[in-house]
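First the structure, in the form of structure tokens, and then the observations on it.
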Amino acid sequence: MVIRLTVSWIPSRYFRRHFNNPLRSMMKLSLALTLSGLLSAALSAQDNVAPCSANDLQGLERFHHNDPVELARIAAADQELESFTQGFVEDGARGGGSTYTIPVVFHIIHNNGPENISDEQIYDAVRVLNDDFNQLNADWVNVRPEFLDIVADVGVQFSLARKDPSGNCTKGITRTVSTLTNDGTQTMKDLIQWPRNKYLNVWVAASADGAAGYTYRPGAVSNWPEADGIVLLHTYTGSIGTSSPGRSRTLTHEVGHWINLKHCWGDGNDPGLPENCYQDDSVSDTPNTIGWTSCNVLGASCGSALDNVENYMEYSYCAKMFTVGQRTRMLAALNSGTAQRSALGSIANLAATGVSTTPVLCAAEFSSTDRMVCAGVEITFTDESFHGITARTWDFPGGTPATSSDANPTVTYAEPGFYHVSLTVSDGSTTLSTTSDGYVTVFAYPGQTVPFAEGFENIAALPVVEWMPVNPNNDNTFALTTSAAYTGAKSVRVLNTASMDGRIDELLSSTYDMSGASDVYISFRYAYAQRNSTSDDEVRVFVSNNCGATWSLRKILHGTNSLNTGGIVPGSFTPSGPEQWALAEVDNVSSSYHTANFRIKFEFESSGGNNFYIDDININGMPVGLHEMMSAGAIEMVVVPNPAENQANVMFQLDTPGQVRLDLLDVVGRRVRPIHDGVLPTGIQRIALPIEGLPSGMYMVRLTLDGSSAVSRFTVR
């Protein structure tokens, strides 16, 4: 049985699935529109999430293949558990004050996106879960008086595992990089799973197969352990980080299903339907109900005096209780052998998973709010060592402070460069240390002066402070190469293979001082070939005006058109000459980016295509005063790229059409070559400069318009 929980209704996918009958469609659409006005802003932002699909066994089809024999096995396991439940009597050893402990492991499946949530968000999710199952949630006292006397302390404690299946130390959180985070089905779950007779597996991802979360009740997965567990959207995990308090009860609802609770209206998929009155949730103290998708605490249906709208197994947005009857049903499942639930809380298993033993220090780890900052910007570090930490010592060479014993120290660095960080932790008897070389990169503030040109000829290897690759998958990424270059002997390349499909790598610049600029212009040379006709790798160019705290997209090159310079090359592409390189220009950078900590970022997203090369990056800021004005009617000019090799352009703007003459001059003002002599229209002009064959050195472009002149200097190398 698959149950998918939503905390926000009613999505387009829902309309397609359920609104086939026109009259029913209109009725449900009216309900959806009415409910949409009741939802909080935080929840309504999630209206693309699908609702529950209770008793929909499609997710298990790869196991049962719709074989009547296999489906009968599911029904038999479910009936066996139901018979056990009906005869179960609480003995006082579990529930109602005592605790039944369940070891839990969270598997974070991510592709280095926001779904890679923090440990703190997981800890918060466990906190909410334990509060709800032990009547420690502060809001239970607000339950309608008619139900206050049956609010249940279920007495189940969920503890993050401290030992993995091999007996090694763990904090009960794993992280797996995979594009299947966007899948959320059994295929994703197959990536990693710990034995279900020892752990409750919870997968957190960017997708839960179209829902906020889903799981199977014990009878449905009794014969298929690999399908057992809970899948959650990261935006419905805990109450902090990418989630919110309004979505934090999703895991509580899912665990209820995982321990054999139905929805309050029974097995139906859709709350709010009159026919739900003829279903039941097999719990005696929850009134029959049509099911609620709004917090109508006075709601009554199916002949009841009052529905239990505030139940965790409703969709009312104000869930805050289990009933005593639901507690008995869940404890029955945990004492049953169906789906091996009874094995979880055994004394032997609690010891094997480490949750009942004294915590032992086994890992020294840390994280930080950032790893690339401008000089003077604060970084907060977090001790993530485990377990039982009683003392710690941090070392921050080059930072202020240089040492600390705090769990979350804040440090600043005054000078640009790479800095290592060390942490030593102790539990009173054992001491562990970890050091990360070059963990922090600090950029200059203000940044380098412009114009700036980078041909990579003076760089031995990456990373350097000027150019930082970001390689989240620890595979091929931006790296220096001598196999090809547009000019000189070196360029930067991404070796792109089929196995990199979907992966994103970045090349980040240092800082540049654009505070005195009147315009910003960026250019670079690039080369790329498709591996086949469907290869559509992408290169994106971003800019930042705050040292990389935020980025803004300014250009995209697609493998199927603008990025392709080398055609289709089935093997590994290496450009054979200048004709297989192209020039890209970025000139749509607004004045809000004229800051002292301007940065650029190249982002390469692989589709499993071919290699990408980049060379001759030029950043020109057109500082006010760079050009020389010969009259009051001044014209601003800039030569790009500057310095120039083989090719350059002069750029300027005309407010009105006019007769324009352009000349190339040497450093002492002698005319070297004519450039243009004729009428040009209003607007921004870009004219190629005839610099082929010129000796290296300083040159000037002189513009004459209506008796006024302007001069701009540039360098040929």
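The values are calculated or read from the model by the stated rules, or taken from the named source; none is laboratory data. Since the model is a prediction, treat every value here as computed from it, not as a measurement. When we count neighbours, we look across all protein chains shown, and the Cβ atoms used for this are built from the backbone with ideal geometry, even at glycine.
The table that follows gives values for the structure above.
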{"item": "Residue count, the stretch 112-127 (criterion: out of contact with any helix residue (DSSP H, G or I) (no Cβ under 7 Å at 6 or more places or on another chain) and assigned to a helix (DSSP H, G or I))", "result": "8"}
{"item": "In the stretch 411-454, the residues that are at pLDDT 95 or above and hydrophobic (A, V, I, L, M, F, W, C)", "result": "VAL411, ALA414, PHE418, VAL421, LEU423, VAL425, LEU432, VAL440, VAL442, PHE443, ALA444"}
{"item": "Strands (runs of 3 or more DSSP E) contained in the stretch 516-591 and holding at least 3 residues at pLDDT 95 or above, of a type in the set (A, V, I, L, M) and under 30 Å from the mean Cα position of the chain (by Cα)", "result": "538-544, 552-558"}
{"item": "Boolean, SER436 is among the hydroxyl-bearing types (Ser, Thr, Tyr), farther than 27 Å from ARG525 by Cβ and surrounded by fewer than 16 Cβ atoms within 10 Å (Cβ to Cβ)", "result": "yes"}
{"item": "From the options ALA332, ALA375, ALA339, residue that is under 35 Å from the mean Cα position of the chain (by Cα) and in the same structural domain as LYS198 (by TED's automatic domain parsing)", "result": "ALA339"}
{"item": "Among the residues listed as ASP519, ASP505, ASP536, ASP513, the single one being touching a Ser or Thr at 6+ places or on another chain (Cβ under 8 Å) and more than 21 Å from ASN476 (Cα to Cα)", "result": "ASP513"}
{"item": "Count - residues of the stretch 206-221 that are surrounded by fewer than 24 Cβ atoms within 10 Å (Cβ to Cβ) and touching a residue at least 60 places away in the same chain (Cβ under 8 Å)", "result": "5"}
{"item": "Tabulated pairs, the stretch 670-681, first closer than 17 Å to LEU705 by Cα, second loosely packed, with under 10 Cβ neighbours inside 10 Å and modelled with pLDDT of 95 or more, C-beta under 6 angstrom, 6+ apart or interchain", "result": "none"}
{"item": "Candidate set from the stretch 474-502 (those that are in contact with a helix residue (DSSP H, G or I) (Cβ under 8 Å, 6 or more places away or on another chain) and either under 22 Å from VAL177 (Cα atoms) or assigned to a strand (DSSP E or B) (or both)); member that is modelled with the highest pLDDT", "result": "ASN476"}
{"item": "Output for the stretch 389-407, where each listed residue is in a loop (DSSP other than H, G, I, E, B) and more than 25 Å from VAL470 (Cα to Cα)", "result": "ILE389, THR390, PRO401, ALA402, SER405, ASP406, ALA407"}
{"item": "Set SER248, SER243: member being touching a residue at least 40 places away in the same chain (Cβ under 8 Å), crowded, with 19+ Cβ neighbours inside 10 Å and either more than 21 Å from ILE102 (Cβ to Cβ) or acidic (Asp, Glu) (or both)", "result": "SER243"}
{"item": "All positions within the stretch 344-362 that are among the aliphatic types (A, V, I, L, M) and surrounded by 15 or more Cβ atoms within 10 Å (Cβ to Cβ)", "result": "LEU344, LEU350, ALA352, VAL355, VAL360, LEU361"}
{"item": "Any hit, the stretch 612-629, residues being in a loop (DSSP other than H, G, I, E, B), at negative phi, at pLDDT 90 or above and surrounded by fewer than 22 Cβ atoms within 10 Å (Cβ to Cβ)", "result": "no"}
{"item": "Residue in the stretch 134-144 that is in a loop (DSSP other than H, G, I, E, B) and closer than 18 Å to GLY345 by Cβ present", "result": "yes"}
{"item": "Exclusive hit being outside the structural domain of ASP153 (by TED's automatic domain parsing), closer than 27 Å to GLY59 by Cα, touching a helix residue (DSSP H, G or I) at 6+ places or on another chain (Cβ under 8 Å) and hydroxyl-bearing (Ser, Thr, Tyr), set SER282, SER294", "result": "SER282"}
{"item": "Scan of the stretch 524-547 for residues that are of a type in the set (A, V, I, L, M) and farther than 29 Å from MET372 by Cα, ordered by number", "result": "ALA529"}
{"item": "Hey, ARG196 among the basic types (Lys, Arg) and closer than 21 Å to TRP224 by Cβ or not", "result": "yes"}
{"item": "Answer from THR595, THR550, THR565 - the residue that is farther than 23 Å from CYS374 by Cβ and either touching a Cys at 6+ places or on another chain (Cβ under 7 Å) or not assigned by TED's automatic domain parsing to the domain that holds VAL377 (or both)", "result": "THR565"}
{"item": "Complete set of residues in the stretch 682-712 that are under 52 Å from the mean Cα position of the chain (by Cα) and touching a residue at least 40 places away in the same chain (Cβ under 8 Å)", "result": "ALA688, LEU689, ILE691, GLU692, VAL701, ARG702, LEU703, ALA710, VAL711, SER712"}
{"item": "Test for GLU415: is it farther than 25 Å from ILE522 by Cβ, without any contact (Cβ under 8 Å) to a residue 60 or more places away in the chain and of a type in the set (D, E, K, R)", "result": "yes"}
{"item": "Filtered residues of the stretch 503-515 (kept if among the hydroxyl-bearing types (Ser, Thr, Tyr) and either touching a helix residue (DSSP H, G or I) at 6+ places or on another chain (Cβ under 7 Å) or at pLDDT below 95 (or both))", "result": "SER515"}
{"item": "Any chance PHE652 is modelled with pLDDT under 90 and among the aromatic types (Phe, Trp, Tyr)", "result": "yes"}
{"item": "Pairs, first closer than 24 Å to ALA152 by Cβ in the stretch 330-352, second in a helix (DSSP H, G or I) and charged (D, E, K, R), C-beta under 7 Å, six or more apart", "result": "ALA333/ARG341; LEU334/ARG341; THR338/GLU80"}
